[in-house]
Amino acid sequence: MKIEHAALRMAQAIKKEVPEHPSSIAVLKHGIAILLNMTGIVSAVLLISWAAGTTAEALTAMISFALLRQVSGGVHLKTGAACILLTTLLLTLISWVHLPQIWTHGFTAGAFILTAMYAPSRIEYQSRIPRTFYRTLTFISCMLIMTNFVIQSDIIAASFLIQAMTLIRLKGGENPDPAQQS
């Protein structure tokens, strides 16, 4: 069953049970879809990393990726299932990373440069943060990345670099249709 379909059915059930709830079915569906995506990603990554013996590394990858994503934005895939599959694959692969220190510094520097250039990206229809605060989001994102010059974690470096790469707009311009964003 598609995540979007499951989220819609759950939203309709909630609205049927509590018709006076102020949120529309569309708003409920969006929130439920986000929750299902996060639950799917976290569950899958933790299950795979537990089997592989890399749970601590996977938690580090998930937390660093999520923290940077919250303040920098990034590309959104068209379906929840695609998001779960790709994010699970990337976070699992990141948890197996072992980089020499020079590469850790290089990945961190690359993430910093990309984030300074492109953050925040694709948050226009995903948050209520006014554009006047976008420079602050860029600053926070860059400061978060700079912490890894102190921590020197290869997992965090890889996680930050991959997240920073999701900020790049290949086609350019703004997406004029917020319905296209998931």
Quick check: anything in segment 53-62 under 13 Å from the mean Cα position of the chain (by Cα) and within 25 Å of Ala116 (Cα to Cα)? yes
One residue is enough: does segment 66-84 have a residue meeting the conditions touching a residue at least 40 places away in the same chain (Cβ under 8 Å), open to solvent by 60 Å² or more (accessible area, probe 1.4 Å), within 23 Å of Leu114 (Cβ to Cβ) and not in a loop (DSSP other than H, G, I, E, B)? yes
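Of the residues Ile63, Ile94, only one is open to solvent by less than 30 Å² (accessible area, probe 1.4 Å), part of a helix (DSSP H, G or I), within 29 Å of Ile3 (Cα to Cα) and of a type in the set (Val, Ile, Thr); which? Don't jump to the end; show me each part of the working.
On the way: Ile63 fails: open to solvent by less than 30 Å² (accessible area, probe 1.4 Å).
After applying the criteria, what remains is Ile94.
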What single numbered condition from (1) closer than 22 Å to Ser141 by Cβ; (2) among the aliphatic types (A, V, I, L, M); (3) at pLDDT below 95 fails to hold for Ala33? (1)
Being closer than 27 Å to Gly40 by Cβ and part of a helix (DSSP H, G or I) is the filter here, so list the residues in segment 97-106 that pass it. none
Scanning segment 102-152 residue by residue, those surrounded by fewer than 16 Cβ atoms within 10 Å (Cβ to Cβ), of a type in the set (D, E, K, R) and modelled with pLDDT under 90 turn out to be Glu124, Arg128, Arg131
So Thr132 clears everything in (1) in contact with a helix residue (DSSP H, G or I) (Cβ under 9 Å, 6 or more places away or on another chain); (2) farther than 20 Å from Arg169 by Cα except one condition, right? Which one? (1)
Failed item in (1) surrounded by fewer than 19 Cβ atoms within 10 Å (Cβ to Cβ); (2) at pLDDT below 95; (3) within 30 Å of Lys171 (Cβ to Cβ), with Met1 passing the rest: (3)
Would you check if Phe112 is assigned to a helix (DSSP H, G or I) and touching a Cys at 6+ places or on another chain (Cβ under 8 Å)? yes
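The values are calculated or read from the model by the stated rules, or taken from the named source; none is laboratory data. On a predicted model such as this, the values are computed, not experimentally measured, just so you know. Backbone-built Cβ (ideal geometry, glycine too); neighbour counts: all protein chains shown. Just so you know, the surface numbers come from the protein's heavy atoms only, side chains and all, with ligands and any DNA or RNA stripped out. Shrake-Rupley method; radii C 1.70, N 1.55, O 1.52, S 1.80 Å.
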